[in-house]
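One structure is given below, encoded as structure tokens.
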Ligand code: THU
């Protein structure tokens, strides 16, 4: 499944809209029911409204009624260059915190179809603040 998810993230990355950073990111989000939602980063002349690939994938999925997630694959790198190891930004980690299980949701960071590192949300966001903290 990792390989399939990374392939999907590579395809998602093709649509990255990055006239400012020229840094292209693709994500593929796997739901517990087996569906995959793709996302890419989408930049803006106003800079702040830019959206990361991970959040694009989450918001597409949640807007379609999905609320249970298994894993996300992420690939990133400069336009025309090689993929490089890129971990999700803090804002995207916080979005994961809202919708994903802390100890089991997997973040797969790919640098090639067969080359990746895998982390849990807890590993990349220790001491996270989420819905359970408000209960
Ligand atoms: N970016 C992502 O899409 N995901 C990440 O995990 C890191 C950064 C985007 C935001 C912006 O469009 C570009 O990469 C450079 O920061």
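The numbers here are math on the coordinates, done by the rules we state, and not lab data. Quick caveat, the model's predicted, so the values are computed rather than measured. All Cβ positions, even for glycine, are placed from backbone atoms using ideal geometry, and neighbour counts span all protein chains on display.
Of note:
- Kirkwood analysis of the Cα pair distances in the range 65-123 returns a hydrodynamic radius of 12.2 Å.
- Descending by average beta-carbon neighbour count within 10 Å, the peptides 60-69, 43-52, 85-94, 1-10 line up as 1-10, 85-94, 60-69, 43-52, the highest first.
- Cα pair count fraction exceeding 20 Å, expressed as % - the range 1-101: 32
- Over the chain, relative contact order from alpha-carbon pairs under 8 Å, at least 6 apart, %: 21
- Ellipticity estimate at 222 nm from DSSP helix runs (n ≥ 4, -39,500 (n - 2.57)) divided over the chain, nearest 500: -8000 deg cm²/dmol
- Averaged over residues, the count of other Cβ atoms within 10 Å places the peptides 100-106, 128-134, 70-76 in the sequence 70-76, 100-106, 128-134, highest first.
- The eigenvalues of the Cα gyration tensor, multiplied by 5 and square-rooted, give the range 47-90 an equivalent ellipsoid with semi-axes of 23, 14, 9 Å from largest to smallest.
- Cβ-Cβ distance of residue 11 and residue 94, R₀ of 35 Å, FRET efficiency by 1/(1 + (r/R0)^6): the value works out to about 0.85.
- Helix 90-99 vs. the chain, principal-axis angle (Cα, 0 to 90°, nearest 10): 40
- The listed peptides 22-33, 109-120, ordered by packing as a protection proxy, come out as 22-33, 109-120 (highest mean of other Cβ atoms within 10 Å first).
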